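Q: Below you'll find the structure I mean.
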């Protein structure tokens, strides 16, 4: 049974859209696009369900919808980088992409799109959040060995956050801006965390890490959020 929904129209920067869904890189799971009122979110899953990056942007108010971004759409948008903005129109017949410059215009239609529901990880009062310097945090992950596990640990009443690799040849630390209210430990696959943070660039001087009550590790800056699942085999 086909689900009926109203027309949704999104005007957005072509370059931002291309960057936000990881350009045309191959991901284990296709990106998702969600729009709700004036809030646009692009979610990518570079390593399947083990990690995701969320990028947000404000757009003109429209209806609510979420859909899967197929590789063909990502490749087509790459060819439109000469246009500053594009418009995506979504309805029951599919999705159309419209690009306009002062003296030229292009429209292309994708006949089918897969509608998806937005799954959010809600914050909890027992989450442990720590503010730290963004650029230093992202620099740490460039040198970590990709094979093995990585453990991130904070200790109550200590500003230092330690990062240890399971092969015991690499260790890192970063100073938070305040002491956490509790001690927490998070372990995940080193390749997963190395790859997901390689897709991020600093937007603000400071950002926040969060040991979530549900077991997920979260990092957040101005318009970007990272969610990483724990390694349940550890």
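The values are calculated or read from the model by the stated rules, or taken from the named source; none is laboratory data. All figures in this text were calculated on a predicted structure; none of them were measured in a lab. All Cβ positions, glycine included, derive from the backbone under ideal geometry; neighbour counts span all protein chains shown.
Q: On the given criteria, is residue 95 more than 30 Å from residue 218 (Cβ to Cβ) and either touching a strand residue (DSSP E or B) at 6+ places or on another chain (Cβ under 7 Å) or at pLDDT 90 or above (or both)? Steps first, answer last, please.
A: Details: more than 30 Å from residue 218 (Cβ to Cβ): yes; either touching a strand residue (DSSP E or B) at 6+ places or on another chain (Cβ under 7 Å) or at pLDDT 90 or above (or both): yes.
Yes.
Q: Also, I was wondering about something else. Looking only at the stretch 149-162, decide whether some residue is loosely packed, with under 15 Cβ neighbours inside 10 Å and under 21 Å from residue 192 (Cα atoms). So that I can check it myself, show each step before the final result.
A: Step one: filter the stretch 149-162 for residues loosely packed, with under 15 Cβ neighbours inside 10 Å, giving 156-158, 160.
Remaining after also requiring under 21 Å from residue 192 (Cα atoms): none.
Checked the stretch 149-162: no residue is loosely packed, with under 15 Cβ neighbours inside 10 Å and under 21 Å from residue 192 (Cα atoms).
Q: If you don't mind, there's one more thing I want to ask. Please work out which residue is surrounded by the most Cβ atoms within 10 Å (Cβ to Cβ), limiting yourself to the stretch 185-206 and to residues that are farther than 20 Å from residue 134 by Cβ and out of contact with any helix residue (DSSP H, G or I) (no Cβ under 9 Å at 6 or more places or on another chain).
A: Of everything passing the filter in the stretch 185-206, 190 is surrounded by the most Cβ atoms within 10 Å (Cβ to Cβ).
Q: Quick one: which strands (runs of 3 or more DSSP E) sit completely within the stretch 61-139 and have at least 3 residues that are buried (at least 16 other Cβ atoms within 10 Å of the Cβ)? It would help to see each step written out before you state the result.
A: Numbers: elements: 85-91, 94-101, 104-110, 128-133.
It comes to 85-91, 94-101, 128-133.
Q: Taking into account only those residues within the stretch 2-44 that are surrounded by fewer than 17 Cβ atoms within 10 Å (Cβ to Cβ) and at positive phi, which is modelled with the highest pLDDT?
A: In this case the residue turns out to be 23.
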